[in-house]
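Asks: I have a structure here, written as structure tokens, and I will follow up with some questions on it.
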Ligand SMILES: NC(=O)c1ccc[n+]([C@@H]2O[C@H](COP(=O)([O-])OP(=O)(O)OC[C@H]3O[C@@H](n4cnc5c(N)ncnc54)[C@H](O)[C@@H]3O)[C@@H](O)[C@H]2O)c1
Ligand SMILES: [Fe+2]
């Protein structure tokens with residue numbers, strides 16, 4: 001059904017293909033930038049992914065001004081401030097993020113600090129607090145999950161308060177996303193599985209939640225289809241460049257979908273599991289997705305049922321039957337990923353302790369994404385979901 005009112009925005013140029021990386025200097029030049037600060041992390045460098053980026057600059061009129069390769073997995077405002085300082089000291093004029101959500105969001109945070117000429121990112125926390133035009137910003141994703149290459153969000157830890165903060169602004173969309181399969185073939189099986197389930201969760205939650213609209217639906221359905229056809233293949237054979245490129249596109253489409261319609265109860269609880277118990281984001285989503293969908297069945301069976309043809313579920317029977325078949329297909333997928341990569345199937349396997357449930361549930365019901373879930377949830381209801389997923 002068409003909503004009475006909606007907005008949709010995605011200003012990101014997408015460059016996708018086998019040789020896409022070679023376009024990097026051209027894209028910088030188009031943005032009027034010639035000296036890049038590369039933001040990456042130690043795992044990405046160890047996987048040998050910095051070398052092809054350096055090689056892409058050879059013979060061009062662009063250069064690398066500096067490389068920051070120490071992005072931690074839970075990046076913080078302090079790291080963003082540090083990256084911004086390097087940007088200024090080395091006279092760089094654009095940011096290039098090379099990595100997963102952690103490196104991309106660190107570059108987003110650093111871009112705010114540089115462009116707002118501030119000394120601390122914390123001053124810009126929240127929604128649409130960024131006023132200055134940001135520096136040219138190009139992303140080369142090396143995981144296929146967060147979709148941060150096409151979202152308005154940066155998720156960054158506040159080290160003093162031990163929480164994850166959200167920065168949202170239409171200015172935070174990268175200018176260009178370069179999807180090249182050679183930057184993805186080194187991703188380990190378990191990270192491929194977990195990040196792929198993050199992409200699927202973005203799409204399904206964007207499709208089911210209250211702010212859905214025809215544009216976000218189109219991107220969500222494409223994501224579900226691409227994940228269904230390619231995630232197991234990418235985990236089974238990491239060198240399968242076609243599956244890798246398809247998953248990169250899935251993640252990006254999922255990012256566009258949820259950046260415009262937001263996510264719901266699964267992400268609310270996953271964020272809380274990340275904050276309280278440091279559970280990796282994709283792992284938490286993979287475990288919680290079927291339980292979150294079951295919770296939403298009484299308000300959203302018809303919507304969930306619409307996903308049946310795209311996720312390989314039987315498309316016959318009543319809406320409730322089809323919706324249950326969609327949930328069964330999600331469970332089948334996570335079971336297969338568990339066999340192939342060891343992706344945990346329960347919160348217990350993932351290392352959570354039952355004593356942590358009250359704190360997780362409290363954080364989950366206060367998470368902003370909960371407001372967009374089709375069905376409200378109380379503290380007790382979230383604890384019930386956590387128990388089922390344990
Ligand atoms: N901004 C957004 O829209 C958004 C959305 C969801 C999640 N997030 C945030 O993103 C972060 C998670 O990002 P992620 O799941 O992409 O993981 P990540 O960026 O934290 O990377 C996980 C690990 O994989 C390694 N790695 C990455 N690519 C690799 C490759 N090709 N080969 C070998 N190793 C590789 C990294 O070195 C790292 O150790 C979290 O902080 C989460 O809060 C942001
Ligand atoms: Fe996510």
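The values are calculated or read from the model by the stated rules, or taken from the named source; none is laboratory data. The structure presented is a predicted model; accordingly, all values stated were derived computationally and were not measured. Cβ: placed from backbone, ideal geometry, glycine included. Neighbour counts: every protein chain shown.
Asks: With respect to residue 272, is the statement that it is modelled with pLDDT under 95, within 17 Å of residue 389 (Cβ to Cβ) and buried (at least 22 other Cβ atoms within 10 Å of the Cβ) true?
Replies: yes
Asks: Out of 210, 226, which single residue is buried (at least 24 other Cβ atoms within 10 Å of the Cβ) and away from ligand 1 (no atom under 15 Å from the Cβ)?
Replies: On the way: 210 fails: buried (at least 24 other Cβ atoms within 10 Å of the Cβ).
Residue meeting the stated conditions: 226.
Asks: Go through (1) more than 10 Å from ligand 1 (Cβ to nearest atom); (2) assigned to a loop (DSSP other than H, G, I, E, B); (3) surrounded by 24 or more Cβ atoms within 10 Å (Cβ to Cβ) one by one and return the number of the condition residue 203 breaks.
Replies: (2)
Asks: Picking from 23, 61, 18, which residue would you name as being assigned to a loop (DSSP other than H, G, I, E, B) and within 18 Å of residue 182 (Cβ to Cβ)?
Replies: Numbers: 23 fails: assigned to a loop (DSSP other than H, G, I, E, B); 61 fails: within 18 Å of residue 182 (Cβ to Cβ).
Of 23, 61, 18, the one residue that is assigned to a loop (DSSP other than H, G, I, E, B) and within 18 Å of residue 182 (Cβ to Cβ) is 18.
Asks: Suppose we filter segment 218-237 for residues that are over 17 Å from the mean Cα position of the chain (by Cα) and either under 25 Å from residue 151 (Cβ atoms) or assigned to a helix (DSSP H, G or I) (or both); how many remain? Let's see the steps before the verdict.
Replies: Going residue by residue through segment 218-237, those that are over 17 Å from the mean Cα position of the chain (by Cα) are 218, 225, 228-230, 232-237.
Checking which are either under 25 Å from residue 151 (Cβ atoms) or assigned to a helix (DSSP H, G or I) (or both) leaves us with 218, 225, 228-230, 232-236.
Of the residues in segment 218-237, 10 are over 17 Å from the mean Cα position of the chain (by Cα) and either under 25 Å from residue 151 (Cβ atoms) or assigned to a helix (DSSP H, G or I) (or both).
Asks: Can you tell me which of 245, 288, 279, 293 is surrounded by 16 or more Cβ atoms within 10 Å (Cβ to Cβ), under 30 Å from residue 17 (Cβ atoms) and in contact (Cβ under 8 Å) with a residue 12 or more places away in the chain? Outline the logic, then answer.
Replies: Numbers: 288 fails: under 30 Å from residue 17 (Cβ atoms); 279 fails: under 30 Å from residue 17 (Cβ atoms); 293 fails: under 30 Å from residue 17 (Cβ atoms).
Only one candidate qualifies: 245.
Asks: While we're looking at this one, here's another question. Please verify whether segment 317-337 includes one or more residues that are in a loop (DSSP other than H, G, I, E, B) and out of contact with any strand residue (DSSP E or B) (no Cβ under 9 Å at 6 or more places or on another chain). Explain how you work it out, then say what you get.
Replies: Restricting attention to segment 317-337, the residues satisfying the condition of being in a loop (DSSP other than H, G, I, E, B) are 317-318.
Narrowing further to those that are out of contact with any strand residue (DSSP E or B) (no Cβ under 9 Å at 6 or more places or on another chain): 317-318.
Yes, the conditions are met somewhere in segment 317-337.
Asks: Which pairs turn up if I take residues in segment 146-161 that are in the same structural domain as residue 99 (by TED's automatic domain parsing) and under 14 Å from residue 251 (Cβ atoms) and look for partners that are in a loop (DSSP other than H, G, I, E, B) and more than 8 Å from ligand 1 (Cβ to nearest atom) with beta carbon separation below 6 Å, at least 6 apart in sequence or on another chain?
Replies: Short answer, once both residue conditions are applied: 149/174; 150/12.
Asks: Sort through 292, 196, 274 and tell me the only one that's more than 9 Å from ligand 1 (Cβ to nearest atom), more than 30 Å from residue 52 (Cβ to Cβ) and either not in a helix (DSSP H, G or I) or not assigned by TED's automatic domain parsing to the domain that holds residue 19 (or both). Break it down stepwise before answering.
Replies: Numbers: 196 fails: more than 30 Å from residue 52 (Cβ to Cβ); 274 fails: more than 9 Å from ligand 1 (Cβ to nearest atom).
Matching residue, one of 292, 196, 274: 292.
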